[in-house]
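S.K.: Have a look at the structure that comes next, please.
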Amino acid sequence: MGKEKTEKVYFNPVRCKGCGYCIHACPKEAISVSDHVNAKGYNTIVVDEEKCIVCGTCYRVCPDYVFEIR
């Protein structure tokens, strides 16, 4: 049987400035640009939970503390 994910990546689109660091760093290509524009005028990201392996790379590369793993 497969191991159930106990952790999940959460992100705060308000903090996102659309720099793309997380998109380029994600080993599973689980992060992409969304159509959502935040209050600062930036297109934010979206995480594909089916592809995400909760490796934490996005958390480590983001300069704006957009991600949280819990």
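The values are calculated or read from the model by the stated rules, or taken from the named source; none is laboratory data. Note that the structure is a prediction, hence the values are computed from the model and not measured. So basically every Cβ, Gly included, is an ideal-geometry build from the backbone, and we count neighbours across all protein chains shown. Just so you know, the surface numbers come from the protein's heavy atoms only, side chains and all, with ligands and any DNA or RNA stripped out. Shrake-Rupley method; radii C 1.70, N 1.55, O 1.52, S 1.80 Å.
S.K.: When Lys and Arg each count +1 and Asp and Glu each count -1, what net charge do the other residues less than 9 Å away from residue 70, Cβ to Cβ, add up to? Write down the numbers at each step before the final one.
M.R.: Numbers: positive: 8; negative: 7, 68.
Around residue 70, the charge tally is -1.
S.K.: Now for a different question. Kindly count the pairs of lysines across the chain whose alpha carbons are less than 16 Å apart, treating pairs on different chains or eight or more residues apart as eligible.
M.R.: Details: 3/51; 5/28; 5/51; 8/28; 8/51; 17/40; 28/51.
Close lysine pairs found across the chain: 7.
S.K.: Still on this model: Ignoring ligands, DNA and RNA, what percent of the 1.4 Å accessible area of the chain is carbon and sulfur?
M.R.: 50
S.K.: Here is a further query. To the nearest 20 debye, what is the magnitude of the charge dipole of the chain about its Cα centre, counting +1 on the Cβ of each Lys and Arg and -1 on the Cβ of each Asp and Glu?
M.R.: It comes to approximately 200 debye.
S.K.: Run the lone-cysteine check on the chain: no other Cys C-beta under 4.7 Å from the residue's C-beta.
M.R.: 16, 19, 26, 52, 55, 62
S.K.: Within the set of other residues whose C-beta is less than 13 Å from the C-beta of residue 44, count the net charge using Lys and Arg as +1 and Asp and Glu as -1.
M.R.: Overall, the nearby charge balance is +1.
S.K.: Which entry in (1) 0.98; (2) 1.48; (3) 1.08 matches Rg/Rh (Cα atoms, Kirkwood Rh) derived from the coordinates of this structure?
M.R.: (1)
S.K.: How much accessible area per residue does the chain have, in Å², with a 1.4 Å probe?
M.R.: Here the residues of the chain average 74 Å² of exposed surface.
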